[in-house]
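Enquirer: Okay, handing you the structure first.
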Amino acid sequence: SLCAAAASDLSYQQLKDLKKANVLHIDVRERWEIDRFGKIPESVNIPLGELMEALQMDPTEFKELYNQKMPSKSDPMVFSCVAGTRSKLALGCAISLGFS
């Protein structure tokens, strides 16, 4: 399970390998951080403050807002931020909503 692996940090190469396997990569940085420091290729930006609501959206609304298919409860996901604090909070949020 990725949840167990997500408790530890991923290396750049591990993330690249996961993304080849179609893992949904959610960048939980704020939009101004994306504008200032750049977007991570093939990631979707959902700021941490929006994540709880986003993961409970209607799939059509999620697709319209984030240009990405709504993940199912069992779809593999990786969260990223700058230092790891927000991504760990995002993981806890997803788990609390029943994502595995």
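Enquirer: Can you compute the modelled spin-label distance between residue 64 and residue 20, with each label point 7 Å from Cα toward Cβ, in nm?
Expert: Each label point is offset 7 Å from its Cα along the Cβ direction, giving 3.8 nm.
Enquirer: Another question, then. Can you give me the % of accessible surface on the chain that is carbon or sulfur? Probe 1.4 Å, all protein chains present, nothing else counted. Intermediate results must be reported in sequence, preceding the final value.
Expert: Details: 3410 of 6130 Å².
Taking all protein chains in place, the chain shows 56 percent carbon and sulfur surface.
Enquirer: Also: Determine the per residue accessible area of the range 12-97 with all protein chains present and a 1.4 angstrom probe, expressed in square angstrom. Provide the component values of the computation, followed by the final result.
Expert: Numbers: 5250 Å² over 86 residues.
Here the per-residue accessible area is 61 Å².
Enquirer: With the Cα gyration tensor of the chain giving a ≥ b ≥ c as the square roots of its eigenvalues, does the rule (a/c under 1.5 for rounded; else a/b larger than b/c for prolate; else oblate) give rounded, prolate or oblate? Show your work: numbers first, answer last.
Expert: Working: a/c = 1.32, a/b = 1.07, b/c = 1.24.
Verdict is rounded for the chain.
Enquirer: Now a separate question. So how many Lys-Lys pairs in the chain land under 17 Å Cα to Cα, not counting same-chain pairs under 8 apart? Provide the component values of the computation, followed by the final result.
Expert: Working: 16/39; 19/39; 19/69; 20/69; 63/73.
Lysine pairs meeting both conditions in the chain amount to 5.
Enquirer: Let me ask something else about it. Please give the calculated 222 nm ellipticity per residue for the chain, where each DSSP H segment of at least 4 residues contributes -39500 (n - 2.57) and the sum is spread over every residue; nearest 500 deg cm²/dmol?
Expert: Values: 6 runs with 48 residues, N = 100.
Calculated mean residue ellipticity at 222 nm is -13000 deg cm²/dmol.
Enquirer: To continue, here is another question. Residue 78's amide H: which non-local residues (gap 5+, or another chain) put their own amide H closer than 5 Å, with H modeled 1.01 Å from N in plane and none for Pro or chain starts?
Expert: 24, 25, 26
Enquirer: A further question follows. With springs only between Cα atoms under 10 Å, which of 49, 84, 38 fluctuates most in a Gaussian network model of the chain?
Expert: 38
The values are calculated or read from the model by the stated rules, or taken from the named source; none is laboratory data. Every value quoted in this text rests on a predicted model; they were computed, and no experiment measured them. So basically every Cβ, Gly included, is an ideal-geometry build from the backbone, and we count neighbours across all protein chains shown. The area values use the complete protein model at the heavy-atom level, side chains included, leaving out ligands, DNA and RNA. Shrake-Rupley method; radii C 1.70, N 1.55, O 1.52, S 1.80 Å.
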